[in-house]
Amino acid sequence: MHKGENMVRDLRRAIFAGLASAGAFERAKNSRWRRERLLILCYHGVSIADEHEWRPRLYMRPECLAERFDLLRKRGYSVLPLAEALALLYENDLPRGSVALTFDDGGYDFYASTFPLLQQYQLPATVYQTTYYVDYQKPVFNLICSYMLWKRRGSVLEPDGKVPLRQRMDLRSEEGRQSVVSELMAFSAKENLSGRDKHEIAGRLAEFLEIDWPDLLAKRILHIMSPKEIAEVSAGGISIQLHTHRHRTPLDEELFRREISENRKRVEEVTGSPAVDFCYPLGNYERQFLPWLRLEGVRSAVTCDAALAASDSHPLLLPRWVDASAHSLTEFEAWLSGIGHWFSRRSKRRQIPQAALDYQGGRLGFRGAR
């Protein structure tokens, strides 16, 4: 994070602390404006080891998530299943302080760290499950490479032929580490490598970096849940929904729709429940995706645009706030109350013509979702 960003963050936190002390959070939570809106919270991962240090804007410690859940309960927020929350949103009938919890990707960390907490606090949640690695129980290639390079941060290494790298490996910065991952990804795409081939390269990278590969695999860091684990959390009341098969959104209609159909097929095979809600991988969406999602029978789709959802929010472009360890508990409560919405630096929503936003057939059949 740059110095300017740090200053803005610190100023925002100071403002939030002052507002909290003045009772503004409680007044905002009880306002008519907040009652007409839904906060959809987005989480990417809960650490098994030190992932929150590697990616503080995506991961958090289990203890930190427990603090969030505790605050939700103590402050009396209404945590609803996503389908029910959206139905009530479009009927203008939300309870006070409505919140929905969503978790992206469906990693093993959800099963190991998050699911037990959700059961402990008796909170409903939705997991947007990517499925390629469900049946290929290996760590996600680009992520595990990035993580291992971070473990050797501060080093400058010369490639020795064990891995397909030509450039000097300057691991002293995030940019330097990312350039190595990009070169590995480019090589994999050029050679059309299989998942097995990429896993072998990751193992050779671990050896080169002097990282205990068997030990890392045993921890299942950056793995996706297995079919058995998905079935277990689904039976435990967690809604398992769509996130594409290979965590990508091709700009070609046939390929895009195949990602949805393959994803849905595997999710429904494992859970026995319908999958009709979708999350854009990385939060990236384009105008042409909307009719394709309609054709695939998708009922709702969430972005990573930081805002609260309102009754006029398009159901295929729903905003969420991404929470992680980089955010303080006060920032979290600011967003719960609705005040965070007004202080967020929201990027201007890309211009999508109204004709593309109109959804034929009403609000996607949320009525009766409860």
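The values are calculated or read from the model by the stated rules, or taken from the named source; none is laboratory data. If you're wondering where the values come from, they're calculated on a predicted model, not measured in any experiment. Heads up, the Cβs are rebuilt from the backbone with ideal geometry, glycines too, and the neighbour counts pull from every protein chain shown.
Of all residues in region 283-305, those satisfying the criterion of being at pLDDT 95 or above, small (G, A, S) and touching a strand residue (DSSP E or B) at 6+ places or on another chain (Cβ under 9 Å) are S300, A301. Of all residues in region 66-120, those satisfying the criterion of being part of a helix (DSSP H, G or I) and of a type in the set (D, E) are E67, D70, E84, D109.
Results for (1) at pLDDT 95 or above; (2) within 30 Å of G18 (Cβ to Cβ); (3) of a type in the set (V, I, T); (4) surrounded by 19 or more Cβ atoms within 10 Å (Cβ to Cβ), shown as yes or no for each residue.
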position: D252; (1), (2), (3), (4): yes, no, no, no
position: G272; (1), (2), (3), (4): yes, no, no, no
position: A307; (1), (2), (3), (4): yes, yes, no, yes
position: P315; (1), (2), (3), (4): yes, no, no, yes
position: F332; (1), (2), (3), (4): yes, yes, no, yes
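Against the test of being more than 20 Å from the chain's Cα centre (by Cα) and assigned to a helix (DSSP H, G or I), the options L255, L282 yield a single qualifying residue, L255. Pairing each residue of region 254-280 that is of a type in the set (S, T, N, Q) with any residue that is assigned to a loop (DSSP other than H, G, I, E, B) and buried (at least 23 other Cβ atoms within 10 Å of the Cβ), provided the two are 6+ apart or on different chains, yields C-beta distances under 6 Å for N263/T131; N263/T244.
For the condition over 22 Å from the mean Cα position of the chain (by Cα) and surrounded by fewer than 19 Cβ atoms within 10 Å (Cβ to Cβ), what is the one hit in A218, A206, A202?
Being over 22 Å from the mean Cα position of the chain (by Cα) and surrounded by fewer than 19 Cβ atoms within 10 Å (Cβ to Cβ) holds for just one of A218, A206, A202, which is A218.
If I filter region 227-237 for residues that are of a type outside the set (D, E) and in a loop (DSSP other than H, G, I, E, B), do I get at least one hit?
There is at least one residue in region 227-237 that is of a type outside the set (D, E) and in a loop (DSSP other than H, G, I, E, B).
For residues that are assigned to a helix (DSSP H, G or I) and more than 18 Å from D252 (Cα to Cα), tally how many sit in region 285-310.
Here the count works out to 0.
Among the candidates R35, R68, R13, single out the residue that is surrounded by 20 or more Cβ atoms within 10 Å (Cβ to Cβ) and either closer than 30 Å to S313 by Cα or β-branched (V, I, T) (or both). Result: R68 is the single residue among R35, R68, R13 that is surrounded by 20 or more Cβ atoms within 10 Å (Cβ to Cβ) and either closer than 30 Å to S313 by Cα or β-branched (V, I, T) (or both).
Scanning region 5-51 for residues that are among the polar types (S, T, N, Q), within 27 Å of the chain's Cα centre (by Cα) and modelled with pLDDT of 85 or more returns a single hit, S47.
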